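**Student:** Please read through the structure below; I'll follow up with questions.
The values are calculated or read from the model by the stated rules, or taken from the named source; none is laboratory data. Just so it is clear, the structure is predicted and the values come from calculations on it, not from any experiment. Methodologically, a virtual Cβ is constructed for each residue, glycine included, from the backbone with ideal geometry; neighbour enumeration extends over all protein chains shown.
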Amino acid sequence: MKQGLQFLLLIFSLTALAQKGNMDTAQVVVPNRYNSTEAQKKPYVIMISADGFRYDYAEKYHAENLLKFSGEGVRAEAMLPGYPSITFPNHWTLITGLYPSHHGLIDNFFYDYKRKEGYAMSNRENAEDGSWYGGIPLWGLAEKQGMVAASLMWVGSASNAGGSRPAYYYPYHEKFTPSEKVDKVISWLKLPEDKRPHFISLYFPEVDGSGHHFGPDTKETEEAVHLVDEAIGNLVQKVNALGLENVNFIFVSDHGMVKVDGGSPLEIPALLFDKNRFDFYNSQTLLRVHVKNPDKVKRVYKELKAGKTDDYEVHLDKKLPGYLHFSTKDDRYSRIGQILLIPKAPKIFLEKGRKTSVGKHGYNPRLVPEMKATFMAWGPEFKNNLVVDEFSNIHVYPLVAKILGLPINHPVDGKLKVLKKTLKAKK
């Protein structure tokens, strides 16, 4: 292994969110979960996410295995993440088919004024409490219909969100290498038919970590892309050796990455530091403002508009463009805030004395193409040599459900018709 890659893996280990305190790395097995006779006859789907794997990374860094597999199967020109283009919101969108404002994970951290509690992705108690998460994740959809599911570190998979955990899962940590994760997936697929998962979700954080620490246009990020690509090649080879019928792979990412202007960040307007009047939540590429007196919202909005610079926009939440699905009418959990300050890439908001990373995401993917994500798929259910136009990530959910033969009997934002064309016609 190259020295640079060893250093990269060391950084991931040191910065892992779940390394705070002692973390149990043991698998959790929910007892008395079995595939029905019907489920045992259905296809398999292995859904893989490489966090921060920008839509152009495979070509940019020549990810040999991913280019080969997607070339034989299906790939999209790009996939549009939900807004904001941030990790937790979009992983939960991919696994539920709901926009972030509809499933409630509107950021990696937020405050719920109805619950009078805050959510933070680094808080294990939050992360494993399903009451924070709206929608029914794919593993829950499968388990409720008699199909065993498994997950390796996907957002929310250690929680009871939607009423059911996967039969096999791990509390989140970053101690497993990509190759170790591959071996754990293979161990699941070697289980007896009645216990073998037909839906598996798998998560790799390495590309995102490299993009943040070093930037998207660096040797370190290239090495992280190759690390994940090698793991995918290893996974496919080992799965093929098992001789299982109808195993399908879907490779996605949650968002892209862009180098930001950390040297001259935007100042947060001074009036927002009055804690008697405001709370604000700064993810640097988006600043959400909660005005404690709702009668003063319009007045505050005018003050902020009057004082703004050309480097950012000020929006009333209810006036945000409808295509973002992040306005008041979409905010089902009232977690967004009434006023949004949106920097123009590559600008960010940064409190004085705070540091930032080289690479960031969170911007509007329709305005900042570097935010766009990846979609690739291959296997017996997918057409060959097909390239599709960019689409919203909400549509992955009904695609997976269709392959697995799982009816969706609850409201979702995604539509099967968008990606049905990627599937082979049934004979």
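**Student:** Within the stretch 119-176, which residues are under 19 Å from Asn90 (Cα atoms) and among the polar types (S, T, N, Q)?
**Tutor:** Ser122, Asn123, Asn126, Ser131, Ser151, Ser157, Ser159, Asn160
**Student:** How do the strands (runs of 3 or more DSSP E) wholly within the stretch 248-326 filter down when requiring 3 or more residues that are out of contact with any His (no Cβ under 8 Å at 6 or more places or on another chain): which remain?
**Tutor:** In the stretch 248-326, the matching strands (runs of 3 or more DSSP E) lie at 287-291, 312-316.
**Student:** Just one of Lys352, Lys402 is assigned by TED's automatic domain parsing to the domain that holds Asp254 and among the basic types (Lys, Arg); which is it?
**Tutor:** Answer to the check: Lys402.
**Student:** Just to be sure before I move on: is Thr328 in contact (Cβ under 8 Å) with a residue 40 or more places away in the chain and of a type outside the set (Phe, Trp, Tyr) in the structure I sent?
**Tutor:** Numbers: in contact (Cβ under 8 Å) with a residue 40 or more places away in the chain: no; of a type outside the set (Phe, Trp, Tyr): yes.
No: the conditions fail for Thr328.
**Student:** Right, next: Mind listing whichever residues of the stretch 223-247 are surrounded by fewer than 21 Cβ atoms within 10 Å (Cβ to Cβ) and either within 30 Å of Pro346 (Cβ to Cβ) or not aliphatic (A, V, I, L, M) (or both)?
**Tutor:** Result: His226, Glu230, Gly233, Asn234, Gln237, Lys238, Asn240, Gly243, Glu245, Asn246.
**Student:** So which of Leu423, Leu416 is of a type in the set (A, V, I, L, M, F, W, C), at pLDDT 95 or above and within 21 Å of Val239 (Cβ to Cβ)?
**Tutor:** When all the criteria are applied, what remains is Leu423.
**Student:** Which ones in the stretch 158-186 are under 17 Å from the mean Cα position of the chain (by Cα) and without any contact (Cβ under 8 Å) to a residue 60 or more places away in the chain?
**Tutor:** Scanning the stretch 158-186 gives Ser159, Ala161.
**Student:** Output the residues belonging to the stretch 249-263 that are surrounded by fewer than 21 Cβ atoms within 10 Å (Cβ to Cβ) and in contact (Cβ under 8 Å) with a residue 12 or more places away in the chain.
**Tutor:** Lys259, Asp261, Gly262
**Student:** Could you tell me which residue of the stretch 264-281 is nearest to the chain's Cα centre (by Cα), considering only residues that are buried (at least 16 other Cβ atoms within 10 Å of the Cβ) and closer than 25 Å to His213 by Cβ?
**Tutor:** Filtering first and then ranking leaves Tyr281.
**Student:** So, one more: With Gly379, Gly362 as the choices, which residue is surrounded by 13 or more Cβ atoms within 10 Å (Cβ to Cβ), on the phi > 0 side of the Ramachandran plot and out of contact with any strand residue (DSSP E or B) (no Cβ under 8 Å at 6 or more places or on another chain)?
**Tutor:** Numbers: Gly379 fails: out of contact with any strand residue (DSSP E or B) (no Cβ under 8 Å at 6 or more places or on another chain).
Just a single option satisfies the conditions, and that option is Gly362.
**Student:** If you scan the stretch 97-144, which residues turn out to be surrounded by fewer than 17 Cβ atoms within 10 Å (Cβ to Cβ) and touching a Leu at 6+ places or on another chain (Cβ under 8 Å)?
**Tutor:** Listed by number, the list holds a single entry, Ser122.
**Student:** Hey, another quick one. What are the pairs, 6+ residues apart or on separate chains, where a residue within the stretch 96-123 that is assigned by TED's automatic domain parsing to the domain that holds Val291 and under 18 Å from Lys329 (Cα atoms) has its Cβ under 6 Å from a residue that is surrounded by 14 or more Cβ atoms within 10 Å (Cβ to Cβ) and charged (D, E, K, R)?
**Tutor:** From residues that are assigned by TED's automatic domain parsing to the domain that holds Val291 and under 18 Å from Lys329 (Cα atoms), there are no pairs.
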